[in-house]
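Below you'll find the structure, written out as structure tokens, and then a few comments.
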Amino acid sequence: MRGKFITLEGVDGAGKSTHVEWLADMLRSGGRRVAVTREPGGTELAEKLRELMLHSPMEPLTETLLMFAARDEHVRRRILPDLDAGTWVVCDRFTESTLAYQGGGKGVDAGLIGQLSQIVHPGLKPDLTLVFDCPYEISHARVTGTRRALDRFEREGRAFFERVRAAYVAAAQAEPQRVHLIDSTQTLETIRACLQGLVSKLA
Ligand code: Z5A
């Protein structure tokens, strides 16, 4: 049977990476084969593109096209083969990030992003998307408290952050069965109980 595709999303510092390995281990303890990966990244070339995107100034459209170039490599070389082999894939960010950051945050046309996603991953949509939601004050403090050098996205200001956050909220409202907002100001234990409940419905 095909594996399930779970993605974790949210504004920078909201806390998604904190839960990725925990989620994978929780699934493994239930007998699943699980692969953990991330975007941008997940293959050798996509990781090189990630470095460019995080640190080199570029136009929003260039950034969007590079995100999908990296995603094409990732989907074809890792995600689809794993899912087809019955492995569950837990991915730190996917196309919902492009809609939120390049679309909501930088004004790239959502229709164009939709077209690119149809070209790069037709028929592939996460079975479950977990959006870690967090107010600016808290996520910003988390990011600046854990880092020395911030990347290009983390250096954006509050207005950008609010547009990205609003795009995620809109995504959850548009597809409430598949996209779930998680209040990331809660304790790790409360968040994990919530994740466990959501994932258990996928089996
Ligand atoms: N990007 C894009 O623009 N378009 C796209 O299509 C894609 C990506 C795919 C890199 O992603 C950048 O790529 C990203 C968007 C852009 N922008 N940025 N920045 P990334 O996922 O690698 O980068 P990130 O969002 O900054 O991830 P991160 O640094 O791993 O942050 P996080 O996962 O949201 O947070 P965390 O590392 O799990 O937690 C941050 C801190 O908070 C840490 O010290 C935790 O211990 C703490 N924490 C977490 N949860 C809690 C709770 N509940 N209570 C207390 N403390 C907590």
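I'd like the FRET efficiency for residue 189 and residue 17, computed as 1/(1 + (r/R0)^6) with the beta carbon distance as r and R0 of 22 Å, rounded to 0.05. Don't skip to the end; give the middle numbers.
On the way: r = 18 Å, r/R0 = 0.80.
About 0.80, to the nearest 0.05.
Let me cross-check residue 180: its accessible surface, 1.4 Å probe, with only protein heavy atoms counted, in Å² to the nearest 10?
50
For the chain, what is the calculated [θ] at 222 nm in deg cm²/dmol (nearest 500), taking -39500 (n - 2.57) for each run of four or more DSSP H residues and dividing by its residue count? Each step should come with its number before you reach the end.
Working: 8 runs with 98 residues, N = 203.
About -15000 deg cm²/dmol.
For residue 87, list long-range residues whose amide hydrogen, built 1.01 Å from N in the peptide plane, is under 5 Å from its own amide hydrogen.
It is 3, by chain and number.
Projected onto the charge dipole of the chain (+1 at Lys/Arg Cβ, -1 at Asp/Glu Cβ, origin at the Cα centre), which of 170, 116, 24 gives the Cα projection farthest towards the positive end?
24
At what distance in nm do the modelled label points of residue 25 and residue 106 sit from each other, each positioned 7 Å from its Cα along Cα→Cβ?
3.5
Given a Förster distance of 35 angstrom, what is the FRET efficiency for residue 177 paired with residue 150, based on the Cβ-Cβ distance and rounded to 0.05?
0.50
Over the chain, with every protein chain in place, what whole percent of the accessible area is carbon and sulfur at 1.4 Å, could you tell me?
54
Could you compute the net charge surrounding residue 76? Neighbours are other residues with a C-beta less than 14 Å from the C-beta of residue 76; K and R count +1, D and E count -1.
Working: positive: 71, 77, 78; negative: 39, 44, 72, 73, 82, 84.
Local net charge: -3.
Which chymotrypsin sites (Phe, Trp or Tyr not before Pro) in the stretch 21-128 pass both tests, a DSSP loop state and at most 12 other beta-carbon atoms within 10 Å?
On the way: sites: 22, 68, 88, 94, 101; in loops: 94.
Nothing satisfies the criteria.
Restricting things to Cα coordinates, could you compute the convex hull volume per residue of the stretch 5-200 in Å³?
Per residue, the Cα convex hull of the stretch 5-200 comes to 116 Å³.
Using Cα pairs closer than 8 Å and at least 6 residues apart in sequence, work out the relative contact order for the chain, in percent.
Value for the chain: 32 percent.
For residue 4, go through the lysines and keep the ones whose alpha-carbon is under 19 Å away, minus same-chain ones fewer than eight residues off.
16, 125, 201
I'd like to check one number: the per residue accessible area of the stretch 5-200, probe 1.4 Å, reported in Å² as a whole number.
46
List, in order, the whole-Hz ³J(HN,Hα) value for each residue of the stretch 42-49 obtained from phi through the Karplus relation with A = 6.51, B = -1.76, C = 1.60 and θ = phi - 60°; use x for Gly and Pro.
My calculation for the stretch 42-49 gives x, 9, 4, 5, 5, 5, 5, 5 Hz in order.
What ³J(HN,Hα) values, in whole Hz, does the Karplus curve 6.51 cos²θ - 1.76 cosθ + 1.60 give for the stretch 6-13 when θ = phi - 60°, with x put for Gly and Pro?
Running phi through 6.51 cos²θ - 1.76 cosθ + 1.60 with θ = phi - 60° gives 10, 10, 10, 9, x, 5, 4, x Hz.
The values are calculated or read from the model by the stated rules, or taken from the named source; none is laboratory data. Note that this is a predicted model, so its numbers are computed, not measured. Note that we place each Cβ from the backbone using ideal geometry, even for glycine, and neighbour counts take in every protein chain shown. Heavy atoms of the whole protein, side chains included, go into the accessibility calculation; ligands, DNA and RNA do not. Shrake-Rupley method; radii C 1.70, N 1.55, O 1.52, S 1.80 Å.
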